[in-house]
Amino acid sequence: MNETEKELIALVLSGRTDAFEPLVTPHRGPLLALVSRLTQNREEALDVVQEALLRAYRSLASFDPSRSLRNWLFQIAANEARDRYRKRAREQAALPDVAGRAPAAANPEAGHDRSELRAGVMRAMAALSPREREVFALRDLEDLDVRETSRVLGCSSLAVRAHLSKARKKLREAIRKDFPHLEEGQ
Amino acid sequence: MKCRKIRKLVPLAAGNDLRPRQARAFRVHVEACPDCRAELEAFRRGLAGIRAAARQEGAAEWTEAEWTALMARVGAKAKEESGDRSRGPVAALRPHWAGAAAVGVLLGLVVMGALIKGSSLWRGAGHRKGLPTTAEEQARPEQDKISVTMVSPESGLQVVWILDKNFEWKGDRE
């Protein structure tokens, strides 16, 4: 954590609420990117980020300055996103026609252009378990290492490696059939 | 390590996420095994493509208006909550004191009620039922003091209330 962040945190804790915005603004991009990957819904991601920032504001006094502020915000946002999809899962479980609805399967006739590949990857990501998606998003898309990922998610490095391995394997299996050129290095 | 075991490690090895000891053993095997090396390279290329596609697709961007509106909402709620807190620590503690006081008063009333009821029942029982009182009982001096002892199960602290026969406060001790 840099000196500016330390100063801004001190200001917020002294009651200067206006210092909160410059504190979190540098992290807004990665925060929204992570949450939108976890929720796969932009509107929901905006709600999650708002709630996460409020939580961060409320618990700023308990923030450990030896940690990265960005990773701490990721942790709060990932927890909030998890709460949301658990709630959604409970609601969907109560609706038999919606429950268990799988993401649309990849179109076998799909071409190999970039937008179709992106759509295929998003479908494959949607098919991952919530934990696998979290681990993949943090490690492979946000470039946190295994230890940081485990800290953000509050689980062991062993668990992170297990979920990461499964997630990568599932994604590869899902993509390989329709986009074999990916592995050919074209 | 054998090829079968190595293949299971490929997903982690592709992102350099093996534990150091596993990574060493993996490297030794792959350097000597062209099939496993080819599998690792293919997995790495696939993973790179998946990462790139997911980064492009999943990276939602803020509009300035969205961010400004969100920060305004967060700021308003934050101020609202700061306002609640700025009433001071006493305000924050009030509910606890209120609860403790209510419990204390309730406990006192229960103890008093039990004492009064017990006393009148004991005295009234003889009169109502017309039971004869023994000479010994008649000779016994009237109890003119009672004490109530309360013990905290957490700290072991004992508080003793001393009251006269009219339940007037005579003192306490710890």
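Structural remarks
- Looking only at region A:1-44, and only at residues there that are among the small types (Gly, Ala, Ser) and assigned to a helix (DSSP H, G or I), the one that is farthest from the chain's Cα centre (by Cα): A:ALA10
- Hey, A:ASP47 surrounded by fewer than 18 Cβ atoms within 10 Å (Cβ to Cβ), without any contact (Cβ under 8 Å) to a residue 60 or more places away in the chain, part of a helix (DSSP H, G or I) and under 21 Å from the mean Cα position of the chain (by Cα) or not: yes
- Search result, residues across region A:151-180 that are of a type outside the set (Gly, Ala, Ser), under 20 Å from B:LYS8 (Cβ atoms) and surrounded by 21 or more Cβ atoms within 10 Å (Cβ to Cβ): A:VAL160, A:ARG161, A:HIS163, A:LEU164, A:ARG168, A:LEU171, A:ARG172, A:ILE175
- From the list A:GLU148, A:GLU173, the lone residue that is within 17 Å of the chain's Cα centre (by Cα) and part of a helix (DSSP H, G or I) is A:GLU148.
- Qualifying position, being within 22 Å of B:ARG7 (Cβ to Cβ), in contact with a helix residue (DSSP H, G or I) (Cβ under 9 Å, 6 or more places away or on another chain) and either surrounded by 15 or more Cβ atoms within 10 Å (Cβ to Cβ) or at pLDDT 90 or above (or both), among A:GLU183, A:GLU148: A:GLU183
- Within region B:89-103, not a single residue is facing chain A (nearest Cβ under 7 Å) and either in contact with a helix residue (DSSP H, G or I) (Cβ under 6 Å, 6 or more places away or on another chain) or modelled with pLDDT under 85 (or both).
- The set of residues in region A:1-19 that are free of Cβ contacts under 8 Å to residues at least 40 places away in the same chain, within 27 Å of A:ALA45 (Cβ to Cβ) and not hydroxyl-bearing (Ser, Thr, Tyr) comprises A:ASN2, A:LEU8, A:ASP18, A:ALA19.
- Tally of residues being more than 7 Å from every other protein chain (Cβ to nearest Cβ) and either under 40 Å from the mean Cα position of the chain (by Cα) or touching a residue at least 40 places away in the same chain (Cβ under 8 Å) (or both) across region B:41-80: 9
- Filtered residues of region B:16-57 (kept if surrounded by fewer than 21 Cβ atoms within 10 Å (Cβ to Cβ) and either touching an Asp or Glu at 6+ places or on another chain (Cβ under 7 Å) or of a type in the set (S, T, N, Q) (or both)): B:ASN16, B:GLN22, B:ALA42, B:ARG45, B:ARG51, B:GLN56
The values are calculated or read from the model by the stated rules, or taken from the named source; none is laboratory data. For clarity, every value in this text was computed on a predicted model and none was experimentally measured. Virtual Cβ from ideal backbone geometry, glycine too; neighbours counted across all protein chains shown.
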